[in-house]
Amino acid sequence: MEPAAEEITELLIAWSNGQADALENLIPVVYEELRRLARRHMNREPAGPMLETTELIHEAYLKLVDQHRVRWQNRAHFFAISVQLMRRILVDLARARHAERRGGGMEIVLLDEASMVPRGSAREIVAVDEALTALAKLDNRRSRIVELRFFGGLSVEETAEVLKISTATVMREWKRAQAWLYSEIAGTHPPRHDS
Amino acid sequence: MTPERYRRINEVTDEALELPHDRRAGYLESACASDAELRSAVERLLMAHGECDDFLARPAVASVADAFIGAARHPDLAGRLIGRYRMQHRIGAGGHGEVWLAEDVQLGRPVAVKLLSPECAGIPGRAANLYREARMSSSLNHPNIVTIYDTGEFEGIGFIAQEFVAGETLRSALSRAPMALRDALHMLIQVASALESAHNAGIVHCDIKPENVILRGDGLVKVLDFGLAGFARENRGDSHSNGAPSFVMGTLKYMAPEQVRGGPADVRTDLFSFGIVLYEALSGNTPFTGDTTSEIVRQLIESEPAPLSRRDRRLPRRIDRIVERLLAKDPDLRYQSVAEVRRDLLRLSEAFDARRLLRWLAPAAAIAFGFLALVAYRAFVDAPSSLDQIQVSLVTPPGVAADAAISPDGLTIAYILQDAGGAGISLHRPGAAANQQVLPAARVNRRDLTFAPDGQSLYYVEGAAYWSGALYRIALRGGTPVRVFDHITGRYALAPDGRHFAFIRLDPEHWAESLIVADSDGHAERIISTRYRPQYYSRRGLSWAPDGASVACLAGNAPSYTAGAFQLIAINLATGAEHAITKRMWAWPGSVTCSGDGQTILVDAAQHSDSELQLWRVSYRDGAVQRITNDVSNYQRLTQTSDSRRVLAVRTNHEADLWVARANNPAGALQVSAGGLHDLNSALLAPGGRLFFSASSGDARNIWTMNFNGLDRQQITAGESSRDEVAISRDGRHLSYQSDGRIWSMNSDGSRDRQLTNGPLDTHPTFSADGNWILYTSFAGWSPGIGGQPSLWRIPVNGGNPQQLTRDANSMADVSPDGKWIAAAYYRYDHPQQSAAVAIYPFSGGRAVTVIERPAGADSSVFWSADGNAVEYVVSTRGVGNIWRQNIHGGSPAPVTDFRTDGLFFFNPSADRNTLVLARGKDVNDLVLIRGIR
């Protein structure tokens, strides 16, 4: 187990028990771990096998979290928690990439990290996050589906398993949620053109 | 939007989606009826269904994770030609892209090619950054900066071709072990040189870190990657205009606080990062560490790094000063240019340059020359663990403030700004953009700033003399100062109600000191209590207890020559009764300040008469004393906030280095010690090249000896009271020194140590040319706390009856090379302001044959020149000391050294008069804020 794993486990437990501030401490640790993982992959021989992106994220979590200590109710619970966390991380990165200078609170986003997010997707990620937050108040199930699929990179089957609904429902709801978000974003944001 | 509305929009949309396209309009007509808003929402949603196919198809996590990995995902380029560069293998990768070793096929030389990562390549800003980097770096031509050869584009991938440096990064070197001081200095001076050149060209690096420093095998250092640089010469406040404004640039552990805050970066930002690299190079760790980003940031913004010399006792204290100035949170408190820090590093490193010294010392000393490790004489006792949280931070740049006070609420610091224009009063408010002037500079002596209890006005003393003057009050917002009291000697204390003040007044006629209380308008003066010498009250500090009933001050028996006798007492203002707050005694008193709750008193005082003024906390209740600081600085003029969370002090550092010079060429002096000489009192070269010196051995100064190469160091006395003013006979067989106001002598191997004189105050021994006599200064009628008149005496080296040589007021004798004459300082009390003259006497004593005036700023001590035709002494002008020579037969005195900086504390000719040993250095005042005492 990596040295950070213990800390992360504690924080994850705290967070899943409803301590919102644990997330603040969790995010930087996860950044670091992701960077470390990515570096490790980068340093492999150029011809070496590459992991799929979602596998990379999952590997990060598996490494980060002491599975024996966090009593995940099940695999679904693990994904649900992880994906929420991932959403926060992604949106923070994207926001830093996208946003104008923010006044007030000091947020640390390193250039190296923020520049990883292509500018176009950064805007999209931020916009989706905002629209999704609004959608959650109206239609929790659809927002969960989008969160798992878009921010977590989960497949339709995995999403169905986490939410305990059929794959057909996931597909139908996913499509509708997508359209809804698209129309919301198109209504409030200018058409998508990478700047 | 209400849930009902949302449901309704979705119902209508779902229904419409079930219908063929041509029937949807009719359906909407009926379903939405007159609700135009509903219809428009549904139409937009329907359109989205048609358009949104690829929207969200690629998970956000994939975009980001791709980028994490993708930075490295250039196709395998080995063997391929990019421009005129044939790729060989990848030598590095980072957030910006990859670096490949390649061969320039036209010139046949190796180059490093930096490729912009494909993920970033599509982002116009990234390429622009890359080219900006290239443009900037290529405008720099400096041996310590990696040269940029070329830029170009290959299949849409931007690249830079640059000098290939065969070596390893500083990061890689540090991953094995921290660097030795000498190696680190060698590296850092080169990095500083690169930065200096870039800064002069208006370019700030913005990302100084060990990864960007390459060490070549032959010792040459190259600085890489001006990739994040912004042009410093552009508007300082807008230096981010070239970069992406919303990002924090650089690498967190090496960032300056202003960079982390997203503020403007300038040359001083680089200096901070440079300080982190220096710290890491010497200790192996960056000073601000933490497991999380937020912890690192917290430390970066709030914490002061642990002094390097505490982490590694072999490191000189001077490194701590350099680090402190590099890592000051406020850019204004840092070095203001790389040139300044480079100069300080050079001074440190010159001492290590063995070759120069070997050349100079010629064959006799051609032994392996280490360096004069005179560093270790520090009486360090580790601070108690409860004080580990003590943080000391700079408030003003060094050398600026002579005196200061903190307001009761801690929001304002008032200080006296001493510069060429005189002394003015300014206010510093942490966080405020600029300091505010309260009183413009004037050529008068101003001191003893004190805040009124309400924090709205300031008191200060102004006068021509150092110790006396008139008390003034001025409002913080400025205006005309009000003269409160005409004649005040020493310090004063304001009552908690602000309506009275107390001070100690010396009556020189009767050698009496009185505690006096007066109204704040200076009236209704009354004497509370009086002490007569040798009992007395210290005039260096007193503080009113918060209940207003008593005053605390340091008092006691005036010191004998070296022993300490000061105690912290409270004087009851109603009765004049005194009681000791603690049994603890100090040798030398400083200032006193009571905490707002009256529970504790902070004192600055020296444990021994020749040790530093350190901070002590005394419990009012039980007299328990805790030492707060444990270093070799002097802390003076303490003030504290009413909650006692912050204490302000004027900190003075006395730094001395040893230099050696040939007597016939003092201007060619060379530095031989590397800083941190602690408590050095005298040093001289004996025949055969051994050095004798007196320096701290812990609680007292003792006499040490070592070879000139710094080896074979031995402590040859081990007295509990100091032994200093060491002198040596010309044949090198005998030493003489003073201790407790008596003259002692011993063989130079430390044997036959014996007391020769009985005081009460005998000092400054020196030998006759034949080595049979010891000449010294004796203070007749000397009385503790009052003084006496000095004159010259002599005593046989093996003991016997002292004989008085002169009846003038003389001290500091030196015997001419031919042994026939004595030169000595000659004091005339009718001109106390004037420098002591030099008087020359026959060796047998009597009347002076010549009295030679000396220029202003001349030191009392005097030595014969090697040829016996002139005398030499130190003259200090504006803090810079040089050796001057004056022919005893006439003519004007003239400097023989050309030092442009630093004081010259003393010099001593060697026993054979061919070599001089000089102690040079300076006293630097800092304002420091101390937190965490309670």
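The values are calculated or read from the model by the stated rules, or taken from the named source; none is laboratory data. All values derive from a computational prediction rather than experimental measurement. Here the Cβ is made from the backbone with ideal geometry for all residues, glycine too, and neighbour counts use every protein chain on show.
Side notes on the structure shown:
- Of the residues making up the range B:438-452, those that are more than 18 Å from B:CYS594 (Cβ to Cβ) and among the charged types (D, E, K, R) are B:ARG443, B:ARG446, B:ARG447.
- Counting only strands (runs of 3 or more DSSP E) that sit completely within the range B:674-788, zero hold 2 or more residues that are in contact with a helix residue (DSSP H, G or I) (Cβ under 8 Å, 6 or more places away or on another chain) and modelled with pLDDT of 85 or more.
- Remark: pairs (first residue in the range B:611-628, more than 17 Å from B:SER644 (Cβ to Cβ); second residue buried (at least 21 other Cβ atoms within 10 Å of the Cβ) and among the polar types (S, T, N, Q); Cβ separation under 6 Å; 6+ apart in sequence or on different chains) = B:GLU612/B:ASN634; B:LEU613/B:ASN634; B:GLN614/B:THR629.
- Within the range B:513-532, the set of residues being without any contact (Cβ under 8 Å) to a residue 24 or more places away in the chain and more than 18 Å from B:ASP497 (Cβ to Cβ) comprises B:SER514, B:ILE527, B:THR530, B:TYR532.
- Check on B:ALA825, free of Cβ contacts under 8 Å to residues at least 24 places away in the same chain, among the small types (Gly, Ala, Ser) and buried (at least 19 other Cβ atoms within 10 Å of the Cβ): no
- Looking only at the range B:413-459, residues that are on the phi > 0 side of the Ramachandran plot, touching a strand residue (DSSP E or B) at 6+ places or on another chain (Cβ under 7 Å) and touching a residue at least 24 places away in the same chain (Cβ under 8 Å) come to 1 in all.
- Set B:VAL592, B:VAL551, B:VAL603: member being farther than 20 Å from B:TYR635 by Cβ and either assigned to a strand (DSSP E or B) or of a type in the set (Phe, Trp, Tyr) (or both): B:VAL551
- Residue check, A:GLU124 under 15 Å from the mean Cα position of the chain (by Cα), more than 10 Å from every other protein chain (Cβ to nearest Cβ) and at pLDDT below 90: no
- For the range A:135-145, the set of residues classified as more than 7 Å from chain B (Cβ to nearest Cβ), out of contact with any Ser or Thr (no Cβ under 9 Å at 6 or more places or on another chain) and not basic (Lys, Arg) consists of A:ASN140 only.
- Of all residues in the range B:579-592 being more than 25 Å from the chain's Cα centre (by Cα) and not small (Gly, Ala, Ser), the one that is surrounded by the most Cβ atoms within 10 Å (Cβ to Cβ): B:TRP586
- Residue selected from the range B:491-521 under the condition within 11 Å of B:ARG531 (Cα to Cα) and of a type outside the set (D, E, K, R), by the criterion modelled with the highest pLDDT: B:LEU515
- If you filter the range B:281-324 down to residues that are charged (D, E, K, R) and touching a helix residue (DSSP H, G or I) at 6+ places or on another chain (Cβ under 7 Å), you find that the one that is farthest from B:GLY921 (Cα to Cα) is B:ASP291.
- Subset of the range B:250-273 [more than 10 Å from chain A (Cβ to nearest Cβ) and part of a helix (DSSP H, G or I)]: B:LYS253, B:TYR254, B:PRO257, B:GLU258, B:GLN259, B:VAL267, B:ARG268, B:THR269, B:ASP270, B:LEU271, B:PHE272, B:SER273
- Checking B:LYS329 against (1) touching a strand residue (DSSP E or B) at 6+ places or on another chain (Cβ under 8 Å); (2) over 22 Å from B:ARG931 (Cβ atoms); (3) not small (Gly, Ala, Ser), the condition it does not meet: (2)
- Exclusive hit being hydrophobic (A, V, I, L, M, F, W, C), surrounded by fewer than 19 Cβ atoms within 10 Å (Cβ to Cβ), at pLDDT below 90 and out of contact with any Ser or Thr (no Cβ under 9 Å at 6 or more places or on another chain), set B:ALA420, B:ALA383: B:ALA420
- Taken as a whole, the range B:547-555 holds at least one residue that is over 22 Å from B:ASP604 (Cβ atoms), of a type outside the set (S, T, N, Q) and out of contact with any Gly (no Cβ under 7 Å at 6 or more places or on another chain).
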